[in-house]
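Asker: Structure incoming, see below.
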Amino acid sequence: MRIHIKIYGEKNLDNSSLELFTMCTRLLSESTEIDITDHSPDIVHLFGCPENSLIATADHFRKAEVPVVYSPLGTFLLTERKIKANFALIHTLGPKEAEIITRHATKTKIITFPSPILTPVTPEKFLSFLLETYKDVKQQYDDKIRENIERLVNTTIAHHIESLPDRVMSSYEDEKDILFRLLYIRHMLKRNTLPRELLTDLAMRLQLCDIDEPELGVLAKKLSCQKLLRRIVCCLASEELTTEGYYPATPLADKKAEQMIKIINEYNEV
């Protein structure tokens, strides 16, 4: 799992908070399950004061559809500043801070786990807490993305067939599957991320399913992903993952397609 981790407002934090962040960084860097990186993270963990630069970072990753965990390190006990960012999860070190934050961030899930710097909790237990938290947040966020995509695809197809009395929802299972994969790839591209296995699975699915290509094109246009489909076809060709006989659309080899290929290569080489 790829993690971006950063602390803010060090000058306003006490020594125990700074020591905790240093310990977190060390524990995560030593873990075989974590890769600390600024490049295409799966999850972001921000620590410290809720200053404007932290909020800006959280907003940046939210727009890129990357889940953000936030640990205030006790700073809300002093400032009680209203949380303006949309975090996937807020981690507090004690119930008092959780109580204060609840009054300012009622829609954000809050979890409390004590600091191993000031309590008998061992560093090993704290690392285990971090790893389990990251896995849960990542999975829950991905589930939500998938649910939203599925809902959007189903709604679009349902509206499309309202004027087609000879068509039923069940006849669009293959198109629905391909459209879902396209929109999920679009989500990953927002994160500057594209695992090669997503393309491999799509190529295999294209060879096995029976697509009504004109209908797929119409639905892709309604979902504003027609050009994306053509660029993905271009990527499939460049990766030699499929043949012309399985192309559901004409390849579009433009600058954005070149950027997609670059993202694929950079992400999968890390």
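Asker: Quick check on segment 3-24. Is at least one of its residues within 19 Å of Glu132 (Cβ to Cβ), touching a strand residue (DSSP E or B) at 6+ places or on another chain (Cβ under 9 Å) and either acidic (Asp, Glu) or in a loop (DSSP other than H, G, I, E, B) (or both)?
Answerer: no
Asker: Still on this structure, I have one more. From Glu269, Glu258, which residue is modelled with pLDDT of 90 or more and surrounded by fewer than 17 Cβ atoms within 10 Å (Cβ to Cβ)? Talk me through it step by step, then tell me what you get.
Answerer: Numbers: Glu269 fails: modelled with pLDDT of 90 or more.
Of the residues listed, the single one that is modelled with pLDDT of 90 or more and surrounded by fewer than 17 Cβ atoms within 10 Å (Cβ to Cβ) is Glu258.
Asker: Now a separate question. Any idea which residue in segment 101-130 is modelled with the lowest pLDDT, counting only those that are in a helix (DSSP H, G or I) and surrounded by fewer than 17 Cβ atoms within 10 Å (Cβ to Cβ)? It would help to see each step written out before you state the result.
Answerer: So in segment 101-130, the residues in a helix (DSSP H, G or I) come out as 101-102, 123-130.
After this cut, where a residue has to be surrounded by fewer than 17 Cβ atoms within 10 Å (Cβ to Cβ) as well, the list is 102, 123-125, 128-129.
Values: Thr102: 82, Pro123: 95, Glu124: 95, Lys125: 96, Ser128: 96, Phe129: 96.
Ranking the candidates gives Thr102 first.
Asker: Out of the residues in segment 1-17 meeting the condition of being of a type in the set (A, V, I, L, M, F, W, C) and at pLDDT 95 or above, tell me which one is least open to solvent (accessible area, probe 1.4 Å). Lay out the reasoning, then the answer.
Answerer: Of segment 1-17, the ones of a type in the set (A, V, I, L, M, F, W, C) are 1, 3, 5, 7, 13.
Subset that is at pLDDT 95 or above: 3, 5, 7.
Values: Ile3: 0, Ile5: 24, Ile7: 19 Å².
Looking at the filtered set, the residue picked out is Ile3.
Asker: If you don't mind, there's one more thing I want to ask. Only residues that are open to solvent by 40 Å² or more (accessible area, probe 1.4 Å) and in contact with a helix residue (DSSP H, G or I) (Cβ under 6 Å, 6 or more places away or on another chain): list them for segment 154-175, please.
Answerer: Selection gives Arg167 alone.
Asker: Ok, one more. Across segment 140-153, what is the total count of residues that are touching a residue at least 12 places away in the same chain (Cβ under 8 Å) and open to solvent by 60 Å² or more (accessible area, probe 1.4 Å)? Spell out the reasoning first.
Answerer: Initially, segment 140-153 is screened for residues touching a residue at least 12 places away in the same chain (Cβ under 8 Å), giving 140-141, 145-146, 149-150, 152-153.
Keeping just the survivors that are open to solvent by 60 Å² or more (accessible area, probe 1.4 Å) gives 140, 146, 150, 152.
The qualifying residues number 4.
Asker: I would also like to ask the following. When the residues of segment 131-171 are filtered to those that are aliphatic (A, V, I, L, M) and touching a Phe, Trp or Tyr at 6+ places or on another chain (Cβ under 8 Å), which remaining residue is farthest from Lys109 (Cα to Cα)? I'd like the intermediate steps shown before the answer.
Answerer: Going residue by residue through segment 131-171, those that are aliphatic (A, V, I, L, M) are 131, 137, 145, 149, 152-153, 157-158, 161, 164, 168-169.
From what is left, the residues that are touching a Phe, Trp or Tyr at 6+ places or on another chain (Cβ under 8 Å) are 145, 149, 153, 157, 161.
Working: Ile145: 17, Ile149: 23, Val153: 28, Ile157: 33, Ile161: 39 Å.
Result: Ile161.
Asker: Still on this structure: Return the residues of segment 34-78 that are assigned to a helix (DSSP H, G or I), among the small types (Gly, Ala, Ser) and in contact (Cβ under 8 Å) with a residue 24 or more places away in the chain; say none if nothing qualifies.
Answerer: Initially, segment 34-78 is screened for residues assigned to a helix (DSSP H, G or I), giving 52-63, 76-78.
Among the residues that remain, those that are also among the small types (Gly, Ala, Ser) are: 53, 56, 58.
Matches in segment 34-78: Ser53, Ala58.
The values are calculated or read from the model by the stated rules, or taken from the named source; none is laboratory data. Since we're looking at a predicted model, the values are computed, not measured. Using ideal geometry, Cβ is built from the backbone for each residue, glycine included, and neighbour counts are taken over all protein chains shown. Heads up: the accessible areas ignore ligands, DNA and RNA and are worked out on the full protein's heavy atoms, side chains in. Shrake-Rupley method; radii C 1.70, N 1.55, O 1.52, S 1.80 Å.
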